[in-house]
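Enquirer: My structure is below; once you've seen it, I'll send some questions.
Each reported figure results from applying straightforward, stated rules to the coordinates on display, with no laboratory input. Owing to the predicted nature of the structure, the values given are computational and were not obtained by experimental measurement. All Cβ positions, glycine included, derive from the backbone under ideal geometry; neighbour counts span all protein chains shown.
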């Protein structure tokens with residue numbers, strides 16, 4: 001069974017500082033990996049995705065993530081955080097074949113301080 | 001391009017009642033998935049519909065059921081509501097391929113009292 005672990009429940013960073021959100025996954029084959037962001041009371045918006053190829057993927061809003069097979073990780077990074085980045089971030093793993101089941105982590109809530 | 005829309009946005013029901021939530025998929029998408037997101041948790045997969053049939057289900061009891069219509073819109077029905085059913089219910093549409101990203105609506109907030 002596939003699973004996702006996001007070890008950090010809350011992270012606080014200063015505006016302009018760099019950010020890294022951790023994600024570890026468990027899946028038997030090559031996974032489809034996603035990062036989503038959720039603002040309060042809203043649905044989830046896709047930031048970026050990894051399917052194959054280049055292990056460093058670029059997303060929207062200046063985010064990037066690196067797939068490391070040896071560590072089963074897919075960490076999200078941003079070089080300089082803006083106050084508008086305050087939200088909850090979810091890492092997710094998708095299965096190939098059969099139906100399209102996407103499993104989400106429990107999320108990391110990001111607080112940005114001036 | 002029309003995004004995923006869900007209705008209603010908020011709903012209050014009493015334990016034991018039944019509820020129907022609705023979702024219109026993004027144009028061009030033929031697959032609809034439903035997720036339950038309890039407060040402070042990540043979304044949990046309920047089921048997925050493709051070609052008007054359920055083709056995958058998570059760990060939810062049969063009182064959670066759904067429909068998909070020929071225009072790819074969908075309904076989630078929950079019978080015999082329990083207090084623990086209180087959550088944000090998210091609909092997501094996509095293409096049928098496993099690597100097709102999910103596009104989410106803003107959800108329906110269900111409160112069961």
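Enquirer: Mind giving me the FRET efficiency for residue A:64 and residue B:18? R0 is 35 Å, r the Cβ-Cβ distance, nearest 0.05 is fine.
Expert: 0.20
Enquirer: Compactness ratio of the stretch A:1-50: Cα Rg over 2.2 N^0.38 Å, N = residue count?
Expert: 1.36
Enquirer: Where both residues lie in chain B, what percent of DSSP beta bridges are antiparallel, nearest 5?
Expert: So the antiparallel bridges in chain B amount to around 90 percent.
Enquirer: Grab the alpha carbons of the stretch A:42-107, take their convex hull, and tell me the volume per residue in Å³.
Expert: 112
Enquirer: Would you mind giving the three semi-axes, in whole Å and largest first, of the ellipsoid equivalent to the stretch A:4-114 according to its Cα gyration tensor?
Expert: Ellipsoid semi-axes (Å, largest first): 24, 15, 12.
Enquirer: Ok, one more. Highest first, please rank the peptides B:53-63, A:85-95 by the mean number of other Cβ atoms sitting within 10 Å of their residues.
Expert: A:85-95, B:53-63
Enquirer: Moving on to the next point. Using only Cα atoms, what is the ratio of the radius of gyration of chain B to 2.2 N^0.38 Å?
Expert: On the way: Rg = 13.1 Å, N = 113, 2.2 N^0.38 = 13.3 Å.
Its radius of gyration relative to the 2.2 N^0.38 Å reference: 0.99.
Enquirer: Across the residues of B:37-43, average count of Cβ atoms on other protein chains within 10 Å?
Expert: That works out to 6 on average.
Enquirer: Now for a different question. Extent of the protein assembly as shown along each principal axis, from alpha carbon coordinates, in Å, largest to smallest?
Expert: For the protein assembly as shown, the Cα extents along the three principal axes come out at 48, 38, 34 Å.
Enquirer: Using a Förster distance of 22 Å, how high is the FRET efficiency between residue B:39 and residue B:5, based on the Cβ-Cβ distance and rounded to 0.05?
Expert: Numbers: r = 23 Å, r/R0 = 1.05.
For residue B:39 and residue B:5, the calculated efficiency is 0.45.
Enquirer: Something else now. In nm, to one decimal, how far is the modelled label at residue B:95 from the one at residue A:12, with both set 7 Å along Cα→Cβ?
Expert: Result for the modelled spin labels: 4.4 nm.
Enquirer: Mind checking which of B:81, B:39, B:11 has the largest fluctuation in a GNM of chain B, springs on alpha carbons under 10 Å?
Expert: In this elastic network of chain B, the residue with the biggest mean-square fluctuation among B:81, B:39, B:11 is B:39.
Enquirer: Could you work out the mean count of beta carbons from other protein chains within 10 Å of each residue's beta carbon in A:102-108? List each step's numbers first, then the result.
Expert: On the way: counts 10, 5, 8, 3, 3, 5, 0.
Neighbouring Cβ atoms belonging to other protein chains average 5 per residue here.
Enquirer: In what order do B:34, A:83 fall by count of nearby beta-carbon atoms within 10 Å, going from fewest to most?
Expert: A:83, B:34
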